[in-house]
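What follows is a set of notes on a single structure, which appears directly below.
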Amino acid sequence: MVDYYEFLQISPNADSDTIHRVYRFLAARLHPDNPESGDAEMFQLLKAAYDVLSNPTTRADYDAKRKSEPDQHNPYSEQVDFMDSLDGELNRRLAVLAVLYYRRRTNPHMPEVGLGEIETRMGFPRDYLDFTIWYLNKKGYVTKGDNAQLALTADGVDFIETQRGNLPVLNKLLTSGGGIPTVEGARVNRQQTQQPVPPKGPVPLKVDAARNDRRSDQDRRNDPERRVGLPDLRVVKIERRRGGTDRRAEKGERRQEGRRAVD
């Protein structure tokens, strides 16, 4: 059974105005006509969720079935290694943050989560989470109440939303957190899968036939066929220089004749 509340990331107690507002926002993002974030499959799931939750009768039937359904969430330990010698501690921190983030998003007025629920959701004994919780508390990502329940802080939300694209494990936990892909998880996954993949082997060169047939300006200037029927500028220049020399000689002879006449 698809958890429509989890898919929309809203509280099961959300009113009709909230459902309608979230639907309009996500519909604009996921519509197939959106070239940047459109997703036909996710849009159909969004429409199905809205059709059920926007109608009081169908929503009441859905809520009754949802409460009778057993919790089918697979523990995070089936996807992530919490005992790895190098990354185990980091994975435990990210898993705790993922559990608290989901609760904070779906039930912001009651965001506390007990250690028992965290243990069940992670599939990992709480006895091994003391250092993890201490660290997250000191960093200011989580708070721990007198009843030992944990809640995500605003700094924790900022960390998750800014780092999920840089931490594949965190994105994986958030995407598969409820058994269905969340809208935000689908958007991040789509951006990662749409990265261009470099081709294998030598890259073929794209040859422009028109450009390939072009010759450089220097080649065209030196082409003897192009100069057929046209005056050779180099010969013209030489003749001009020779003509200038002859005119200067004539002027010199005239001066000498004029001097002879005066004498």
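Readers should treat all values here as calculations from the given coordinates under stated rules, not as data from a laboratory. In this text, all values refer to a predicted model and were calculated from it rather than measured experimentally. All Cβ positions, glycine included, derive from the backbone under ideal geometry; neighbour counts span all protein chains shown.
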**Asked** Quick one: if you take sqrt(5λ) for each eigenvalue of the C-alpha gyration tensor of the range 74-178, what semi-axes come out, biggest first, whole angstrom?
**Response** 18, 16, 14
**Prompt:** What residues from the range 111-126 fall in the zone where the backbone N is under 19 Å from a label point 7 Å along the Cα-to-C-beta line of D146?
**Reply:** 111-115
**Item:** Karplus 3J(HN,Hα) series, Hz, for the range 24-38 with 6.51 cos²θ - 1.76 cosθ + 1.60 (x for Gly, Pro)
**Value:** 4, 5, 6, 5, 5, 7, 9, 4, x, 6, 7, x, 8, 10, x
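Hey, got the dipole for the range 74-178? About the Cα centre, +1 on K and R Cβ, -1 on D and E Cβ, debye to the nearest 20?
The calculation lands at about 280 debye.
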**Fill in**
Quick calc, D127 & A27: beta-carbon distance into FRET formula, R0 35 Å, rounding 0.05, result 0.20
